[in-house]
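Novice: So that we are looking at the same thing, I have put the structure below in structure tokens.
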């Protein structure tokens, strides 16, 4: 049996993905048009588990309040991993443990790919 994975998203994360992909540097690097960005965001909305991302008791994420909805999405979605390249605020936390929820391990994209066996 092949293990399955699911991914959780929230309106906040979808908005951040859309905004980031529309930044001039990212657009130039990836050669993305508006309709392609809209398709990516639409595919994420259709294929990922949608959660509200409104969990509030996140005093363990003190540095950047904008990161709290991202962590909340992982917590509410029951995620094992939060995959991010945020080296300043999120990656240093390593794991978030909250009573009643599974631990949320915070990893860089490359480390996540190594963990799941992708090369």
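The values are calculated or read from the model by the stated rules, or taken from the named source; none is laboratory data. Keep in mind that what you see is a predicted model, and the values were worked out from it rather than measured. Positions of Cβ are generated from backbone atoms using ideal geometry, with glycine treated the same way; all protein chains shown enter the neighbour counts.
Novice: All but one of (1) part of a helix (DSSP H, G or I); (2) in contact (Cβ under 8 Å) with a residue 40 or more places away in the chain hold for residue 44, so report the exception by its number.
Specialist: Here residue 44 meets the rest and fails (2).
Novice: For the range 40-59, which residues satisfy the criterion of being more than 26 Å from residue 30 (Cβ to Cβ) and either out of contact with any strand residue (DSSP E or B) (no Cβ under 6 Å at 6 or more places or on another chain) or surrounded by fewer than 13 Cβ atoms within 10 Å (Cβ to Cβ) (or both)?
Specialist: Listed by number, the residues that qualify are 52, 54, 55, 56, 57, 58, 59.
Novice: Okay, moving on. Could you check, for the range 67-86, whether at least one of its residues is touching a strand residue (DSSP E or B) at 6+ places or on another chain (Cβ under 7 Å), in a loop (DSSP other than H, G, I, E, B), in contact (Cβ under 8 Å) with a residue 60 or more places away in the chain and under 16 Å from residue 10 (Cβ atoms)?
Specialist: Within the range 67-86, one or more residues are touching a strand residue (DSSP E or B) at 6+ places or on another chain (Cβ under 7 Å), in a loop (DSSP other than H, G, I, E, B), in contact (Cβ under 8 Å) with a residue 60 or more places away in the chain and under 16 Å from residue 10 (Cβ atoms).
Novice: Now for a different question. I'd like the full set of residues that are within 15 Å of the chain's Cα centre (by Cα) and at pLDDT 90 or above, limited to the range 45-66.
Specialist: 45, 47, 48, 49, 50, 51, 52
Novice: Report yes if some residue within the range 9-26 is at negative phi, assigned to a loop (DSSP other than H, G, I, E, B), in contact (Cβ under 8 Å) with a residue 60 or more places away in the chain and buried (at least 18 other Cβ atoms within 10 Å of the Cβ); otherwise report no.
Specialist: Scanning the range 9-26 turns up at least one residue that is at negative phi, assigned to a loop (DSSP other than H, G, I, E, B), in contact (Cβ under 8 Å) with a residue 60 or more places away in the chain and buried (at least 18 other Cβ atoms within 10 Å of the Cβ).
Novice: Please identify the pairs in which a residue from the range 93-104 that is on the phi > 0 side of the Ramachandran plot and modelled with pLDDT under 95 has its Cβ atom under 8 Å from the Cβ atom of a residue that is in a loop (DSSP other than H, G, I, E, B) and surrounded by fewer than 14 Cβ atoms within 10 Å (Cβ to Cβ), counting only partners at least 6 apart or on another chain.
Specialist: That search, which allows pairs on different chains as well, returns nothing.
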